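What follows is calculated from the coordinates using simple rules that are stated; it is not laboratory data. Source: prediction; values computed, not measured.
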């Protein structure tokens, strides 16, 4: 007698995304309504999947003082569920505790809000033979030091028991309903729908999960947000899939400018290289953008845009253009130009900021050899051994069981637990070892990080 439902949490309606400075009116509109759009998609998922019910595990609103517009939006979304005979079960969390505010517009009859005085119990469906029991308790104030989980005690295990709890899952905490995974596992709950933590996470061994925030609001809430599609039954592990819904994806991109090529000499070159880098990753699959290991549901999700914090690293001549001595003026200009250049892509790519961690380029090998006797001697010794047949034979045997010496025509006969080693591959290994040693010596000589 299983049930299928949507687990959502931490909507934080009324909270705008923090990256609208300098954005066009169209993008400001998209960013301002991204949290609402994400929940609208959650409701659509519930309708399309014909789930039994929806659960929301706290923090529907971002502030204790409810936004009337957000309240109105919630009412309309819950009415969409009502039209499809889908009930919703809700607890309030630390951002929207019941004791500090009330809805200006009443929720429709299909929404059950659990009270704050004690753990409440309701049944799905509310009429006829019940198929699931739901237990929940809202926060009455911003901080709850009581161990709420302790009173989640269903009367029997004849049907799936679903617990809605907003908790930091910290047994030593005193603000957010303290408990541990073992505490949750000790209760006869078939699935704990948790809220408060903004990263989706499966609490294995406790039949519990965090759905995470459906739409990240700043650069510390990375990746794709969404909800969880859950199948729960008695005496079985719940089946959980992640459903992506966020229209905007926050990303940190660390780019080693050394890998962009020797042609990157100034800000114009760098701007072009970053555009090429972006275009190569615009069609990234959702699997590349999530920050968790839940299986991903089959959906047609596509983002409206990406907000990117760039961190530039490596060693390059472009260091001089970035480190202009004018208190970050170069990165500010680069940020503005990237916004103009990438902002009209579909999906758009909005540069939040550019962080410069680029170091000066090292001299080339010949220059280093002229300036440093040790490096010059290292190059000479390496070339001598490279050209010495006996030394090459010795090097062939120094790879142990990893390499198998082969002629070109015998590469396909290499054992599956070995790598083929021929003259060309051996020369590549010698070159790599030499360059690594030169780089280390050069770093010490020039005393740069």
* **Helix-derived mean residue ellipticity, 222 nm - over the chain, DSSP H n ≥ 4, -39500 (n - 2.57), to 500** => -9000 deg cm²/dmol
* Cα gyration tensor shape of the range 95-227, rounded if a/c is under 1.5, else prolate or oblate by comparing a/b with b/c -> rounded
* When a/c is below 1.5 the answer is rounded, else prolate if a/b is larger than b/c, else oblate, so apply that to the range 249-356 with a ≥ b ≥ c taken from the square roots of the Cα gyration tensor eigenvalues. => prolate
* For helix 68-83, report the angle its Cα long axis makes with the longest principal axis of the Cα atoms of the chain; keep it between 0 and 90° and round to the nearest 10°. => 80 degrees
* Using the Cα gyration tensor of the range 169-231, with a ≥ b ≥ c the square roots of its eigenvalues, what is the shape: rounded (a/c below 1.5), prolate (a/b larger than b/c) or oblate (neither)? -> oblate
* Asked: What label, among (i) 89, 54, 47; (ii) 163, 73, 49; (iii) 88, 55, 41, belongs to Cα extents along the principal axes in Å computed from the structure on display?
  -> (iii)
* **Degrees between helix 373-386 axis and first principal axis of the chain (Cα, 0 to 90, nearest 10)** => 80 degrees
* How much space per residue, in cubic angstrom, does the convex hull of the C-alpha atoms of the range 3-244 take up? -> 120 Å³
* Asked: What relative contact order, as a whole-number percentage, does the chain give when Cα pairs under 8 Å and 6 or more residues apart are counted?
  -> 12 percent
* Structure fact -> When the chain is treated as a Gaussian network with springs between alpha carbons less than 10 Å apart, the largest mean-square fluctuation among 181, 214, 97 is found at 181
* Structure fact -> Between the Cα axis of helix 267-279 and the main Cα principal axis of the chain, the angle (0 to 90°, nearest 10) is 60 degrees
* How big is the Kirkwood radius of the range 1-129, worked out from every pair of different alpha carbons and given in Å to one decimal? -> 15.6 Å
* To do: Quick one, can you get me the convex hull of the C-alpha atoms of the range 304-353 expressed as volume per residue in Å³?
  => 77 Å³
